[in-house]
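Participant: Take a look at this one; I'll ask things after.
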């Protein structure tokens with residue numbers, strides 16, 4: 001097991017009715033930016049609960065319209081508003097996209113450099129200060145409620161980049177499973193796949209003498225296998241929703257990845273598919289992940305066999321890949337580029353050029369080339 005430090009300062013407020021608890025946690029001495037996406041929080045009652053909790057707050061500034069893949073351009077409008085109103089705290093109400101936007105906005109408001117996009121191009125290295133933020137989660141998927149990561153798109157350049165910073169961890173996050181009851185089936189499906197792949201990016205590398213980390217990761221995945229289909233079949237099953245919500249949080253709150261090698265190749269390639277073709281994040285992951293594993297099967301064989309044996313009783317790496325893709329498809333998730341009318345050769349060429357232009361190398365060994373990323377996409381025609 002590798003050396004590591006573990007830091008997660010987010011207070012989790014979990015369960016029914018916990019939105020009311022933000023009243024004692026949102027500071028009243030500074031204006032608060034209330035950030036959200038479309039109209040779903042008005043329809044499902046979450047907005048009313050948040051407003052009730054903030055009723056005694058002297059200055060709440062609202063900004064809506066954050067996109068499912070949050071845009072730099074939209075975030076900068078919120079930054080301008082936050083600076084104008086001298087906002088001192090950000091409260092994000094929504095799914096991972098709203099939370100990611102909140103982290104970017106919180107950092108950009110305090111950024112003293114030139115273009116705030118430098119926060120993304122530096123991976124967060126230039127973040128020296130950020131506004132504190134809290135979240136009310138309404139969609140389980142990204143784990144953004146309990147980590148310092150954010151992914152933002154730039155419409156003008158068709159780019160999708162990420163950054164991470166210890167300053168971007170939420171101060172608190174409300175996780176009330178009932179806020180997810182009204183989600184469309186597609187978003188629930190996406191959330192299950194997203195959380196599954198988050199675990200695998202921290203697990204599916206090579207043996208690292210970290211048996212507890214392996215078992216923690218496998219426990220999260222086993223839970224997703226059990227409750228994922230149930231959340232789709234019984235949308236108002238509180239216990240299933242609660243288990244799924246907690247699993248998605250643990251999938252990317254930095255715990256299971258501490259002290260072990262990681263491989264975020266599927267995410268890096270997937271981000272480009274979203275940027276170029278508009279696929280949902282989870283849709284891109286379900287396409288790419290089996291290709292990464294197939295392409296790297298010799299290097300990942302030991303962990304593929306271990307996962308397959310422990311989850312499904314599968315005895316080979318190939319069988320594990322097949323069972324994983326079958327799980328995605330059982331949730332109603334496409335796993336091939338052709339199912340989105342995307343030509344594999346075209347996508348491969350675009351991704352290879354972009355990675356080459358950036359000088360990117362991927363994989364747990366840091367040696368997977370842009371040409372190999374293209375080969376992975378060719379496997380997913």
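The values are calculated or read from the model by the stated rules, or taken from the named source; none is laboratory data. In this text the structure is predicted, and so the values were computed from the model without any measurement. When we count neighbours, we look across all protein chains shown, and the Cβ atoms used for this are built from the backbone with ideal geometry, even at glycine.
Participant: Based on what the data block shows, is residue 224 in contact (Cβ under 8 Å) with a residue 40 or more places away in the chain and either assigned to a helix (DSSP H, G or I) or surrounded by 24 or more Cβ atoms within 10 Å (Cβ to Cβ) (or both)?
Facilitator: Numbers: in contact (Cβ under 8 Å) with a residue 40 or more places away in the chain: no; either assigned to a helix (DSSP H, G or I) or surrounded by 24 or more Cβ atoms within 10 Å (Cβ to Cβ) (or both): yes.
When the stated conditions are applied, residue 224 does not pass them.
Participant: Are there any pairs with C-beta distances below 8 angstrom linking a residue in the stretch 56-76 that is at positive phi and modelled with pLDDT of 95 or more to a residue that is surrounded by 15 or more Cβ atoms within 10 Å (Cβ to Cβ) and in a loop (DSSP other than H, G, I, E, B), with the two at least 6 apart or on different chains, and if so which?
Facilitator: Short answer, once both residue conditions are applied: 65/37.
Participant: Residues being crowded, with 23+ Cβ neighbours inside 10 Å and part of a strand (DSSP E or B): count how many of those fall in the stretch 108-152.
Facilitator: 8
Participant: With the condition kept exactly as written, say whether any residue in the stretch 93-105 is under 28 Å from residue 18 (Cα atoms), in a strand (DSSP E or B) and assigned by TED's automatic domain parsing to the domain that holds residue 159.
Facilitator: Yes, that holds for at least one residue.
Participant: Out of all the residues in the stretch 350-377, which are surrounded by 14 or more Cβ atoms within 10 Å (Cβ to Cβ) and more than 23 Å from the chain's Cα centre (by Cα)?
Facilitator: 350, 352, 356, 369, 370, 372, 374, 375
Participant: Working only within the stretch 162-211, note down all residues that are closer than 24 Å to residue 287 by Cα, in a loop (DSSP other than H, G, I, E, B) and in contact (Cβ under 8 Å) with a residue 12 or more places away in the chain.
Facilitator: Let us first name the residues in the stretch 162-211 that are closer than 24 Å to residue 287 by Cα, namely 162-163, 183-206.
Remaining after also requiring in a loop (DSSP other than H, G, I, E, B): 183-184, 204-206.
183, 204, 205, 206 - these are the residues of the stretch 162-211 that are closer than 24 Å to residue 287 by Cα, in a loop (DSSP other than H, G, I, E, B) and in contact (Cβ under 8 Å) with a residue 12 or more places away in the chain.
Participant: Just give me the residues in the stretch 1-18 being within 23 Å of the chain's Cα centre (by Cα), over 13 Å from residue 242 (Cβ atoms) and not in a strand (DSSP E or B), in sequence order.
Facilitator: 4, 5, 6, 7, 8, 9, 10
Participant: Sticking with this one: List pairs: first in the stretch 150-161 and outside the structural domain of residue 352 (by TED's automatic domain parsing), second buried (at least 24 other Cβ atoms within 10 Å of the Cβ) and part of a loop (DSSP other than H, G, I, E, B), Cβ under 7 Å, 6+ apart or cross-chain?
Facilitator: So the pair list comes out as 152/70; 153/70.
Participant: Looking at the stretch 77-91, which of the residues that are touching a residue at least 60 places away in the same chain (Cβ under 8 Å) and either within 19 Å of residue 160 (Cα to Cα) or touching a strand residue (DSSP E or B) at 6+ places or on another chain (Cβ under 6 Å) (or both) is surrounded by the most Cβ atoms within 10 Å (Cβ to Cβ)? Give the derivation first.
Facilitator: We begin by selecting, within the stretch 77-91, every residue touching a residue at least 60 places away in the same chain (Cβ under 8 Å); these are 88-89, 91.
Subset that is either within 19 Å of residue 160 (Cα to Cα) or touching a strand residue (DSSP E or B) at 6+ places or on another chain (Cβ under 6 Å) (or both): 89, 91.
Working: 89: 22, 91: 27.
Among them, the one singled out is 91.
Participant: For residue 231, which of the numbered conditions (1) closer than 18 Å to residue 164 by Cα; (2) crowded, with 24+ Cβ neighbours inside 10 Å fails to hold?
Facilitator: Condition (1) is where residue 231 drops out.
Participant: Also: When residue 336 is evaluated against the numbered criteria (1) under 20 Å from residue 375 (Cβ atoms); (2) surrounded by 18 or more Cβ atoms within 10 Å (Cβ to Cβ); (3) under 25 Å from the mean Cα position of the chain (by Cα), which criterion, by number, is the only one it fails?
Facilitator: (2) is the only condition that residue 336 fails.
Participant: Do the conditions hold for residue 326, that is, is it touching a helix residue (DSSP H, G or I) at 6+ places or on another chain (Cβ under 7 Å) and free of Cβ contacts under 8 Å to residues at least 40 places away in the same chain? Let's see the steps before the verdict.
Facilitator: On the way: touching a helix residue (DSSP H, G or I) at 6+ places or on another chain (Cβ under 7 Å): no; free of Cβ contacts under 8 Å to residues at least 40 places away in the same chain: yes.
Here the answer is no, as residue 326 does not meet what is asked.
Participant: Taking residue 197, is it surrounded by 24 or more Cβ atoms within 10 Å (Cβ to Cβ) and either modelled with pLDDT of 95 or more or assigned by TED's automatic domain parsing to the domain that holds residue 250 (or both)?
Facilitator: Numbers: surrounded by 24 or more Cβ atoms within 10 Å (Cβ to Cβ): yes; either modelled with pLDDT of 95 or more or assigned by TED's automatic domain parsing to the domain that holds residue 250 (or both): yes.
For residue 197, the condition - surrounded by 24 or more Cβ atoms within 10 Å (Cβ to Cβ) and either modelled with pLDDT of 95 or more or assigned by TED's automatic domain parsing to the domain that holds residue 250 (or both) - is met.
Participant: Do you know which residues across the stretch 240-278 are closer than 29 Å to residue 174 by Cβ and either in contact with a strand residue (DSSP E or B) (Cβ under 6 Å, 6 or more places away or on another chain) or not assigned by TED's automatic domain parsing to the domain that holds residue 337 (or both)? Spell out how you get there, then give the answer.
Facilitator: Filtering the stretch 240-278 down to residues closer than 29 Å to residue 174 by Cβ leaves 240-258, 262, 264, 267, 270-271, 274.
Once the filter is applied, which keeps residues that are closer than 29 Å to residue 174 by Cβ and either in contact with a strand residue (DSSP E or B) (Cβ under 6 Å, 6 or more places away or on another chain) or not assigned by TED's automatic domain parsing to the domain that holds residue 337 (or both), the stretch 240-278 yields 245, 271, 274.
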